[in-house]
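Data first, discussion second: the structure below is written as C-alpha cells.
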Amino acid sequence: MSNSTEYAKVLEIGRPPNIKRLFPHSQALLVSGKVVDRAMIARGDAMTMAANGRNAIVIRGVLQAAQRANSTIIIEIARSEGGANAYCPVNFWNMARIVDAMCNEMNITIPVAIHADHYGIKKEEDMVMAKVEIPTIFEAGITSIAVDASHMPDDKNLLANIELNTLIPDWAGLETEVGEIKGTLGLSTVDDASFLIKGLNAHGICADWIALNNGTIHGLESSGQGIQVELTSEIHKALAPYGTSGAQHGTSGNSSERLRAIAKETATTKANVATALQMVAWGVDVNDYGNAILDSDGRLQKVKGEGLTEEMWAEMVAFADAQGWQGGDYKKLNLPFENKISGLAKEIRERMCRRVEEFSYNLLVDVFSAEGSADLGKEAIIAAGSHDLGPKADRIEDPLEWTKEKIIARAAELDTDKGPEGDFDD
C-alpha cells in the first residue's frame with residue numbers, strides 16, 4: 001500500500017484517539033496492538049518483533065529494519081524498565097513521543113504499536129497505584145498493554161485483570177500472562193492458561209495475547225533448554241476458540257531454529273526482544289541469535305570497531321564494576337549513559353543503529369517471517385474502517401459461572417506447579 005492517497009486514508013482512520021490528540025499533524029502510523037496481531041494472523045505462521053526500546057539507538061535501528069522489511073512492529077518498554085522506578089531513559093510517558101518523532105523524521109510508514117509491557121501487579125496493594133497510573137500512560141500515547149499479575153495466585157491474577165480492564169480502552173491491544181517467566185521452573189499448563197482466558201471471556205474481555213512460562217527466561221540465557229515448542233502449541237490450541245494469540249517472552253537466548261518453530265508451529269504473533277538489541281547496539285559480541293558471548297571470566301566481550309567507541313565501552317564497564325554489576329545487570333547502564341551516547345560522533349551513532357537494523361531485519365525476514373505484514377495491517381484498518389478492530393472472539397463462557405466467589409473456588413481446584421517463589425525479572 002504505497003499509494004499516497006491510500007496511506008492518507010489509513011492515517012486518517014487508523015490512529016487511535018490518544019495518538020491523534022497528541023500528534024495532530026503527524027504522518028506516523030501509530031496503531032493499536034490489535035492491528036499488529038491481526039496482520040501477523042493474516043500473514044500466517046509468522047510473528048513480529050516487540051522490541052524493548054531501552055534507548056534511542058535501539059528504537060531507531062528497529063524502525064529502520066521494519067520499514068525495510070515492510071513489517072508491522074511493536075516498540076515496547078516494561079514497567080521495570082520504564083515505569084516509575086525506571087532504569088532506562090525511554091519510559092511509558094515519553095516512548096510514543098520518541099517513536100512518533102523518529103517515524104516522521106525517517107518517513108516510516110509501517111504500522112507501529114506502542115506497548116506497555118509487563119505492567120506488573122505483584123501484590124494486591126499494587127492495584128491502588130495501577131488505577132492511577134494506567135490512565136496516564138494511555139494519555140501519553142500507549143496503544144497496547146500487558147497486564148501482568150502472574151506473580152499472584154491464579155484467582156487474584158484473573159480478578160486483577162478483570163478489575164483493571166475498566167481502565168484500558170476497548171480499542172487497545174491487550175496482553176495477559178500466566179506463570180512468571182522463570183525457565184523450566186513452574187511451567188504453564190493448559191489448565192491454568194484456560195482458567196485465565198475463560199474467566200476473562202466470561203467478563204467480555206478478549207485478550208489479544210497470552211504470555212506463558214514456556215521454558216525461557218529474560219536476559220542472558222545460560223541454559224540450552226529454552227522455549228518448549230510443543231507445550232506452547234498445546235496451550236495455544238486449547239485457547240483457539242477464545243481468539244488468543246501467543247506473546248513469546250525471553251527470545252534472546254533461543255536459537256533461530258527454535259524461534260522459527262515458535263512462529264510456524266504455535267499461534268504466537270508477538271516476540272519480545274530486549275537484551276539482544278541492547279547488546280547489539282553497544283557492539284557486544286553476540287551469536288547469530290543475539291545472546292552475548294562471554295569470555296572465560298564470564299564477562300561481556302566487545303567487538304573492536306563496532307558499536308560504541310572503545311573509550312565509552314571502557315567507561316561503562318568501569319561504572320558497572322563500581323556498582324558490582326555483571327552480565328544481565330548491564331541493562332542498568334542505559335539510563336546513566338544515554339546522554340553520553342547521544343553525544344558521540346554521528347558516525348558512531350550511525351554504526352550502532354546499522355548494527356541494530358541488520359540484526360532486526362534478519363530476525364523479521366529470515367526467522368519471524370514478518371516481511372510484508374505492514375500491508376496486511378493497513379488492509380485490516382481499511383476493512384474495519386476504524387482504529388478499533390474489535391475482539392477476535394465473542395463471549396463463550398457464562399458470566400454467572402465466573403463470579404468472584406466461583407473464580408476463587410475454581411482456582412482452588414487447579415493442580416498446577418508454579419515453581420519457587422521469587423522476584424523474577426519481568
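Where a number appears in this text, it was derived from the coordinates with a stated rule and is not lab data. Computed from a prediction, not measured in an experiment: that's the story for all the values here. As a convention, Cβ positions derive from the backbone with ideal geometry for all residues, glycine included, and neighbour counts pool all protein chains shown.
Figures for the structure shown
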{"quantity": "Within the chain, longest stretch clear of exposed GluC sites (Glu not before Pro) (DSSP loop, no more than 12 other Cβ within 10 Å)", "calculated": "126-420"}
{"quantity": "Cα centre as origin, Lys/Arg/Asp/Glu Cβ charges: the chain dipole, Debye", "calculated": "1200"}
{"quantity": "Segment residue 379-residue 318, length gained on full extension (0.36 nm per residue, minus Cα span)", "calculated": "17.0 nm"}
{"quantity": "Furthest towards positive pole of dipole, 263, 214, 39, structure part the chain, Cβ charges", "calculated": "39"}
{"quantity": "Stokes-Einstein diffusion coefficient of region 19-64, Kirkwood radius over Cα pairs, 37 °C, 0.692 mPa s, in µm²/s", "calculated": "259"}
{"quantity": "Residue exposure sequence - 47, 279 - by fewest surrounding Cβ within 10 Å", "calculated": "279, 47"}
{"quantity": "Violating pairs (Cα-Cα greater than 25 angstrom) within the set 156/198; 123/198; 264/304; 122/404", "calculated": "264/304"}
{"quantity": "Cβ-based charge dipole, the chain, positive-most Cα from 229, 361, 322", "calculated": "361"}
{"quantity": "Cubic angstrom per residue, convex hull over Cα atoms of region 1-156", "calculated": "121"}
{"quantity": "Sparse-neighbourhood loop sites, trypsin sites (Lys or Arg not before Pro) in region 243-338 - DSSP loop, at most 10 other Cβ within 10 angstrom", "calculated": "304"}
{"quantity": "Mean ellipticity per residue at 222 nm, deg cm²/dmol - from DSSP H runs of n ≥ 4 across the chain, formula -39500 (n - 2.57)", "calculated": "-13500 deg cm²/dmol"}
{"quantity": "Set of aspartates and glutamates with alpha-carbon distance to residue 9 below 20 Å, sequence-local pairs under 8 removed", "calculated": "100, 375, 379, 388"}
{"quantity": "Stretchable slack from residue 329 to residue 21, in nm (0.36 nm times residue separation minus alpha-carbon distance)", "calculated": "107.1 nm"}
{"quantity": "Rounded to the nearest 20 debye, dipole of region 203-339 from Cβ charges on Lys, Arg, Asp, Glu", "calculated": "480"}
{"quantity": "Quarter of the Cα convex hull surface for the chain, i.e. its orientation-mean projected area (nm²)", "calculated": "19.0"}
{"quantity": "Among 15, 355, 97, residue whose mean-square fluctuation peaks in a GNM of the chain (springs only between Cα atoms under 10 Å)", "calculated": "97"}
{"quantity": "Length gained when the stretch residue 409-residue 293 is fully extended (0.36 nm per residue, less Cα-Cα span)", "calculated": "37.0 nm"}
{"quantity": "Sorted by Cβ neighbour density within 10 Å, fewest at the top, the residues 167, 63", "calculated": "167, 63"}
{"quantity": "Furthest towards positive pole of dipole, 82, 138, 103, structure part region 1-150, Cβ charges", "calculated": "103"}
